1. In this structure, is G127 more than 17 Å from D34 (Cα to Cα), touching a Ser or Thr at 6+ places or on another chain (Cβ under 6 Å) and not in a strand (DSSP E or B)?
2. Would you check if G75 is without any contact (Cβ under 8 Å) to a residue 60 or more places away in the chain and buried (at least 21 other Cβ atoms within 10 Å of the Cβ)?
3. Residue pairs, Cβ under 9 Å, 6 or more apart or interchain, first in region 122-138 and closer than 14 Å to T63 by Cα, second modelled with pLDDT under 90 and surrounded by 21 or more Cβ atoms within 10 Å (Cβ to Cβ). List them.
4. Name every residue in region 85-138 that is of a type in the set (A, V, I, L, M) and touching an Asp or Glu at 6+ places or on another chain (Cβ under 9 Å), in order of residue number.
Amino acid sequence: MKRIKRLATVGICAIMMISAAIIPASANNHNDEDFTMFQYGVNSAQTRYRAKVDDSSMYMKATYLGTSYSAYAMGAKSSSGSNENRCDNGYIFQINVQGREYFLNNWVNEWGYTYGAIRCGRLNGSGYASGVWSPDSV
């Protein structure tokens, strides 16, 4: 009888420990997507609109930086960019260090938009920039 109680207690403890170790999956949209900007002499560019799930910062990393540029958050009501609006609240980032990770402040969700993009303007030079970005960060 004592052995059965002991085995039951150990079993219940094991189940509790396993249950406590299960961590819910993150549901935000933080998967990186490639971008290339400022090709063919254009001075402004934008990523495509992607679903913005939470109020985390947007993420951008230039893996190649042939020119420095400014970057700020845009919000929209659809992936096509309908009813788009700047959602940077005055926070404009200068992307000028190749390989650095930038976390862009934004108010996309807070201002009622469900899609986010990053709009950029070339600051100097004539090269292009490429890297990865996501509308939500971890």
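The values are calculated or read from the model by the stated rules, or taken from the named source; none is laboratory data. Quick caveat, the model's predicted, so the values are computed rather than measured. Neighbour counts are summed over all protein chains in view; Cβ atoms, including those assigned to glycine, are modelled from backbone coordinates with ideal geometry.
1. yes
2. In short, yes.
3. Qualifying pairs under 9 Å: G127/F38; Y128/F38; A129/F38.
4. Across region 85-138, the qualifying residues are L104, V108, A117, V132.
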